[in-house]
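Written below as structure tokens is the structure these notes are about.
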Amino acid sequence: MSIILNIETATKNCSVSIANKGEILALRELNNGNYSHAEVLHPFIVDILKEANLSNKEIDAVAVSKGPGSYTGLRIGVSAAKGLCFAFDKPLISIDTLTSLSHAISIDNGIIIPMIDARRMEVYAAVYNQDHQQIREIKAEIIDKNSFSDYLEEHKVYFLGDGAQKCKTIINHKNAVFVDDKFPSAKEMAILSFNKYRKSDIENVAYFEPFYLKDFVVIPEKKKKPTF
């Protein structure tokens, strides 16, 4: 048995799964357009453990999506994962969010570019081949009409994730394919976390931090003009 709890909170999709050797036993997800992770994450964990007829102590490891993504979402997911690891003395596995997202589709030929929405016209993106092998590093980049043109000239390029939605009107190329309704999910995490578990590719629970890619920036509220 290799029972792994997978936690995905990097975007607005709050997703949790229990898997045995990469096979999903139970899955809970909520993507209602809001960041409701603080309210639903722990109930989801309780629900899937009950559905799989497992206790906390029977989990062999906890896997968490490490980012990039929402600062608050990542903090909630990582805090929950580390808390479980400390409480039950379990190893912690981290999964790259964009790699997990790339596995949401399967293609025979071409390039996969998963994107996570950042502010304005900025996205977090990486580039993968048809075998889901990363061929370009993760970047925070501002999208314009020339973005990814070198890939688009040579390949069919599949864009997915919430970051891809705002690129539809900017990237206009015959080889661009926009795949709707794909988000990072604990479903795709299952086989990735199992592969890491088999290799004992684990994190130091005490010192692990999410991969934010960019520093968290607080945007101050505008001061209201006094009314007389």
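All of the numbers you see were taken from the coordinates with simple rules; none came from a lab. Quick caveat, the model's predicted, so the values are computed rather than measured. Neighbour counts are summed over all protein chains in view; Cβ atoms, including those assigned to glycine, are modelled from backbone coordinates with ideal geometry.
Okay, here's what the table says:
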{"quantity": "Antiparallel bridge percentage (DSSP; both residues within the chain; nearest 5)", "calculated": "60 percent"}
{"quantity": "Mean Cβ count within 10 Å, highest first, over the residues of peptides 143-151, 156-164", "calculated": "156-164, 143-151"}
{"quantity": "The range 105-179, dipole about Cα centre (Lys/Arg Cβ +1, Asp/Glu Cβ -1), debye to the nearest 20", "calculated": "300 debye"}
{"quantity": "Part-to-part distance (alpha-carbon centres) for the range 135-176 and the range 30-96, which is given in Å", "calculated": "31 Å"}
{"quantity": "Selected from LEU98, VAL205, LEU41, residue furthest toward positive end of dipole (the chain; charges at beta carbon)", "calculated": "LEU41"}
{"quantity": "Mean residue ellipticity (222 nm) of the chain, computed from DSSP H runs ≥ 4 via -39,500 (n - 2.57), nearest 500", "calculated": "-7500 deg cm²/dmol"}
{"quantity": "In sequence order, calculated HN-Hα J values of the range 174-180 (Karplus, 6.51, -1.76, 1.60; Hz; x Gly/Pro)", "calculated": "5, 8, 8, 10, 9, 9, 7"}
{"quantity": "The chain - percent relative contact order, Cα under 8 Å, separation 6 or more", "calculated": "23 percent"}
{"quantity": "Antiparallel DSSP beta bridges within the range 105-161, percent to nearest 5", "calculated": "75 percent"}
